[in-house]
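Reading through the structure tokens given below for one structure.
Here, each number is a calculation from the coordinates, and none is a lab measurement. Just so it is clear, the structure is predicted and the values come from calculations on it, not from any experiment. Quick reminder, even Gly has a Cβ in these numbers, built from the backbone with ideal geometry, and neighbours come from all protein chains shown.
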Amino acid sequence: MRTLDARDRGVLIPAVISVPVMRNESELRAALFARAGIDAVGVENRVAKLATRSLKTSTKLRAIDLAMSMVDLTTLEGADTPGRVSSLCAKAMRPDPRDVDVAPVAAVCVYPDLVAHARRVLGESSVAVASVATAFPSGRASLAVKLLDVAEAVSAGADEIDMVIDRGAFLAGRWGQVFDEIVAVKAACGAAHLKVILETGELVTYDNVARASWIAMLAGADFIKTSTGKVGVNATLPVALVMLEAARDFAESTGRIVGVKVAGGIRTTKDALRYLVVVNETVGDAWLSPDYFRFGASSLLNDLLMQRRKQRTGAYVRPDEFSGD
Amino acid sequence: MTDHALTSPLGALTYDPAPESTAIAHLAPSYGLFLDGQFTDAAQHEQFASLNPATEETLATVAQASTADVDRAVASARRAYDKVWSKTTGAQRAKYLYRIARLILERARELAVVETLDNGKPIRESRDIDVPLAAAHFFYYAGWADKLEHAGLGPSPQPLGVAGQIIPWNFPLLMAAWKLAPALAAGNTCVLKPAETTPLSALILGEILQQAGLPDGVVNIVTGDGTTGAALVDHPGVDKIAFTGSTEVGRLIQQRVASSGKRLTLELGGKGANIVFEDAPLDEVIEGIIDGIFFNQGHVCCAGSRLLVQESVADEVLRRLLRRVDQLRVGNPMDKNTDVGAINSAAQLARIRELSDWGEREGATRYTSDCALPDKGYWFAPTVFSDVAQSHRIARDEIFGPVLSVLTFRTPDEAVAKANNSTYGLACGVWSEKGSRTLWVAQRLRAGVIWANTYNKFDPTSPFGGVRESGFGREGGRHGLEAYLNV
């Protein structure tokens, strides 16, 4: 047994990146089955305990600011129009017009046909344009259609692509197909960052979530993302924990840090801070940045603004104090 | 892995203090004995202090019950048994138990704060575990009170009479609930003797019993040291002794009770083995080990104080375990983010130190978290010993503190042999994704409680108790009724 010392602290990420190459489906299967299983009761216990952490005063303020910087302000509706996207972009660049200290959010997230418009409105700001693609949200289209979807979004100026995996193929056990599709989409992304949506609400078990996370990371995902926001079960704390632990183990074994994005149903500051606590206590500070952790949300931003004002002034303001985008 | 690893520190987002307010505790400067439904002074007016182990400040003084006071308590319990409680129907008894359960929940925050002040355990645990579980025990046994003849213990089970109940300092309120709820449901009256260092929550419970309108004398609470407990054990008017505490004291009690005709149940020490197979769910294993040994500062009779890990995964488990140990937040028990609180007493701290020193002396490799410890109070940083051999004292003696001994094994047979190679037999854990192996191992372990892929989980419906030097008799569940019934 090795000697015990302080070298073992924290998450150890090799400085040299070396991701194993999966040459065929059986190698992928072997890699996935070599991993320890996930015990559902244990995962849920752990997050229940972490959810009792109490963030006060300056910690709370810091966490709120951090959460705001991690928001992908999202509109993914059939009714989206250039006008709607313009107002979302304005909100993203200046979340609180009365307080210049409030930094812009990380990105706006739109459908591919509105990418060019969002790009124009955002101009030179630090806010990135993220676009869903690959026949979002169901992913039910041929690979050719999916790649075209990605190519259009990228050529329109998308900085980040949020693709969906083929859940049908995953659940049918065709993991190689899921892997190959992500590899192809990653190639089509070029310089754009790739977020891979696992749609964990359809994968159901934590073992599935962990396996899909590994498939996506091995295939080249820059981010793994929980949900489209379009199914019954979206981001949950236990699912986020499983994905973060997968990202941590992947970073420890390959040197590559893959980000995690939680999306769908996160509406309150309390929710967001619980996610940050899980990040803080399971993967550590490397992930505590918009480069590696994001919230896909819309109404969350206003609650963060309201709680921020409350922390600073001691009083709640009425909801109409902030714009309703 | 390359030599040039970057480290991402865990817990870099530091948390500001988040202390629970102590104002709700409303502690009186001094407490008397709870006899015949009233708080009264001890016959000799002798008081002793109950300390906050996190600050060494006196919280309140409590009465030292003498033999004469124990006489009064037993007489009061006998009177209540003969005149009232034995004539009270099961449904009526249930009514009181339900009331007590609801009042515990109504005063949950106060009880949690008192428990943490008096014991030193983190407020998160007293708030989320001790107090809700105490209420759950009363709720559960309330349901049995009018169904005793359907408990599978014979057609007409009868109460024993007066039960003398002696409880430890590690879960003061919860142990009071474990003792009182089944005894009252079964129709007995009680004399409860809380631990010397943690009497306060039991006295608040006395107030709750008054609030609930429980007939006078059905429960009497005598505070004091070991002499009070001895007087209760020796009292001829007691029909049953239930004791939770050390094996050493349990042995003495068994000698004194022998041939007295008193019924006896003992819930004593342990040296629980937490057995981790190579296919176990790794991240959950780490949490299970942490919960197993650092829950309640390791002041848990069923603590998983021996980690038996399959040699093929030992390095990886140990690396992840130490990373997690470093993250434990040790300090002010009243802070809502504290994971490990204060050691309950100076005496216990001395024992933990002594046994840990033995670990080093016998050649085990020690790792102690370098977390900052407060200046005042009784503290011991979370500690892990690896390279521990079966013959080391830290693998055999109960430390009853935040100290884990790590041993390895090669095969399931060896794991079972090492786990069973202990004079104790209270609890074990088995971690594997393979159900058939878990069952194979569980059948061969000599322990009263076996957890699979979890540890230190308690529920009123589940019987708890040990074999061999961990005692006999069960608390909790249908089995827990039997300890208080003639069947």
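Once you average over the residues of B:275-283, how many Cβ atoms of partner chains fall within 10 Å of each Cβ?
Per residue, the number of nearby Cβ atoms from other chains is 4 on average.
Which of A:Ala15, A:Ala31, A:Ala151 moves the most in a Gaussian network model of chain A with Cα springs under 10 Å?
Evaluated over chain A, the most mobile residue of the options is A:Ala15.
Distance check, please: which entries in B:Lys95/B:Lys193; A:Lys261/A:Lys310; B:Lys376/B:Lys457; A:Lys56/A:Lys261; A:Lys56/A:Lys186 exceed 29 angstrom between their Cα atoms?
From B:Lys95/B:Lys193; A:Lys261/A:Lys310; B:Lys376/B:Lys457; A:Lys56/A:Lys261; A:Lys56/A:Lys186, over 29 Å: B:Lys376/B:Lys457; A:Lys56/A:Lys186.
Quote to one decimal, in nm, the extra length available between B:Ser260 and B:Glu149 on full extension: 0.36 nm per residue of separation minus the C-alpha distance between them.
Extra length available between B:Ser260 and B:Glu149 comes to 37.2 nm.
Please order B:Val403, A:Val231, A:Val16, B:Val249 by the number of other Cβ within 10 Å, starting at the fewest.
Going from sparsest to densest Cβ surroundings: A:Val16, A:Val231, B:Val249, B:Val403.
Roughly what would the spin-label model give for B:Phe39 and A:Ala15, points 7 Å off Cα along C-beta, in nm?
6.5 nm
Along the Cα→Cβ direction, 7 angstrom out, place labels at A:Val100 and A:Asp291. What is the inter-label distance in nm?
A separation of 2.8 nm, rounded to one decimal place.
For A:Val164, list long-range residues whose amide hydrogen, built 1.01 Å from N in the peptide plane, is under 5 Å from its own amide hydrogen.
Long-range HN contacts for A:Val164: A:Ala133, A:Ile197.
Per residue of the range B:475-480, what does 6.51 cos²θ - 1.76 cosθ + 1.60 with θ = phi - 60° give for ³J(HN,Hα)? Whole Hz please, x for Gly and Pro, Karplus curve as stated.
10, x, x, 4, 4, x
Of all the stretches in chain B, which is the longest one without any exposed loop site, taking trypsin sites (Lys or Arg not before Pro) in a DSSP loop (any state but H, G, I, E, B) with at most 14 other Cβ atoms within 10 Å?
Here the longest segment lacking exposed loop sites spans B:148-375.
Give me a single rounded figure for B:288-298: the average over its residues of other chain Cβ atoms within 10 Å of their Cβ.
Going residue by residue through B:288-298 and averaging, the value is 1.
Distance between Cα centroids, the range A:111-131 to the range A:310-325: provide it in whole Å.
27 Å
For A:Ala90 and A:Leu143, what is the calculated FRET efficiency with R₀ set at 41 Å and r taken between the beta-carbons, to the nearest 0.05?
0.65
Helix B:200-211 versus the longest principal axis of chain B: what angle, 0 to 90°, nearest 10, using Cα atoms?
Tilt of helix B:200-211: around 40 degrees.
Alpha carbon centre of the range A:212-237 versus the range B:244-298: separation in Å?
Cα centroid of the range A:212-237 versus Cα centroid of the range B:244-298: 42 Å apart.
Between B:Thr423 and B:Thr461, how high is the FRET efficiency from 1/(1 + (r/R0)^6) when r is the Cβ-Cβ distance and R₀ = 30 Å? Nearest 0.05.
With R0 = 30 Å, the Cβ-Cβ based efficiency is 0.55.
Run lengths n ≥ 4 of DSSP H only: what is the helix-derived mean residue ellipticity at 222 nm for chain A, with -39500 (n - 2.57) per run over all residues, to the nearest 500?
Helices in chain A give a 222 nm mean residue ellipticity of -14000 deg cm²/dmol.
For each of B:Glu56, B:Glu284, count neighbouring Cβ atoms within 10 Å of the residue's Cβ, then give the residues from fewest to most.
Least to most surrounded, the residues fall as B:Glu56, B:Glu284.
Volume per residue, Å³, of the convex hull around the alpha-carbon atoms of the range B:342-487?
157 Å³
Rounded to whole Hz and in sequence order, give me ³J(HN,Hα) for the range B:133-142 from the Karplus expression 6.51 cos²θ - 1.76 cosθ + 1.60, θ = phi - 60°, writing x for Gly and Pro.
The phi angles translate into 5, 4, 4, 4, 5, 5, 4, 5, 6, 4 Hz.
Hey, any idea what Rg/Rh is for chain B, computing Rh the Kirkwood way over Cα pairs?
In chain B, Rg relative to Rh is 0.98.
Compute the helix-to-body angle for B:346-361: its Cα long axis versus the longest principal axis of chain B, expressed 0 to 90° and rounded to tens.
30 degrees
In a GNM of chain A with a 10 Å cut-off on Cα contacts, which of A:Ala184, A:Ala169, A:Ala106 has the highest mean-square fluctuation?
In the Gaussian network model the winner is A:Ala169.
Taking R0 as 56 Å, what's the FRET efficiency between B:Thr58 and B:Trp440 from their Cβ-Cβ distance, rounded to 0.05?
0.60
Can you list residues from other chains, or at least 5 along the same chain, whose modelled amide H is less than 5 Å from the amide H of A:Leu194?
Amide H neighbours of A:Leu194: A:Ile161, A:Asp222, A:Phe223.
Hey, any idea what Rg/Rh is for the range B:268-311, computing Rh the Kirkwood way over Cα pairs?
0.99
Over chain A, with a Gaussian network built from C-alpha contacts below 10 Å, which listed residue (A:Met93, A:Met163, A:Met68) shows the highest mean-square fluctuation?
A:Met93
Based on alpha-carbon centroids, what's the gap between the range B:365-393 and the range B:161-211 in Å, whole number please?
33 Å
Which residues make up the longest stretch of chain A clear of GluC sites (Glu not before Pro) that lie in a DSSP loop with no more than 13 other Cβ atoms within 10 Å, not counting the sites?
A:125-325
Along the range A:173-178, what does the Karplus equation 6.51 cos²θ - 1.76 cosθ + 1.60 (θ = phi - 60°) give for ³J(HN,Hα), rounded to whole Hz, x for Gly and Pro?
Ordered by residue, 3J(HN,Hα) equals x, 8, 5, x, 5, 4 Hz.
Please list, ordered by chain and number, the residues whose modelled amide H lies under 5 Å from the amide H of B:Val467; skip anything fewer than 5 residues away on the same chain.
Answer set, sorted by chain and number: B:Gly425, B:Leu426, B:Gly448.
So what's the net charge close to B:Asp375: Lys and Arg +1, Asp and Glu -1, counting the other residues with Cβ under 15 Å from its Cβ?
Neighbour charge sum, excluding B:Asp375 itself: -1.
Cα axis of helix B:67-83 to longest principal axis of chain B: angle in degrees, 0 to 90, nearest 10?
70 degrees
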